[in-house]
Amino acid sequence: MAAEKVKVNVKKGDMVMVITGKDAGKKGKVLQVIPDKSRVVVEKVNTVKKHQKPTKDIPQGGIMEQEAPIHSSNVMLYCTECNSVTRKSIKITGEGKVRVCKKCGHNLPDKNKK
């Protein structure tokens, strides 16, 4: 049975905090978002050991540690201004829509904008 697609409220590059699970309380940057599975990969969270065969890129092979995806409902946006987890709000300004912290009203950094 296919997993139900849920809206992911974080973007690549956002600072998040894990709110449930074995890594609850850890903070990290979102490295990858997988929207069709409702999962995110967070830096230094949910690390697993993977046995790697020697390849041209990794000639020694061995046991590598890497981050595995976790469900997007287990993370919340983290505001660095008020140092707490928060929800996002959208504010319309002259340059378009801006994501804003619900608690302190500060603009959330948007790494994807050019």
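Brief remarks on what is shown
- Förster-model FRET efficiency, 41 Å R0, residue 89 and residue 48, C-beta, rounded to 0.05: 0.75
- Whole-Å semi-axes of the chain's equivalent ellipsoid (Cα gyration tensor): 31, 16, 15
- Counting charges near residue 66 (Lys, Arg +1; Asp, Glu -1) among other residues having Cβ under 13 Å from its Cβ returns a value of 0.
- Computed from point charges on the beta carbon alone (+1 for Lys and Arg, -1 for Asp and Glu), the dipole magnitude for the range 1-86 about its Cα centre is near 200 Debye.
- Only aspartates and glutamates eight or more places from residue 53 in sequence, or on another chain, were considered; those with a Cα closer than 15 Å are 65.
- Residue-count net charge about residue 43 - beta-carbon cut-off 10 Å; Lys, Arg +1, Asp, Glu -1: +3
Throughout, read-outs are computed from the coordinates displayed, never taken from laboratory work. Keep in mind that what you see is a predicted model, and the values were worked out from it rather than measured. Note: ideal-geometry Cβ built from the backbone for every residue, glycine included; neighbour counts use all protein chains shown.
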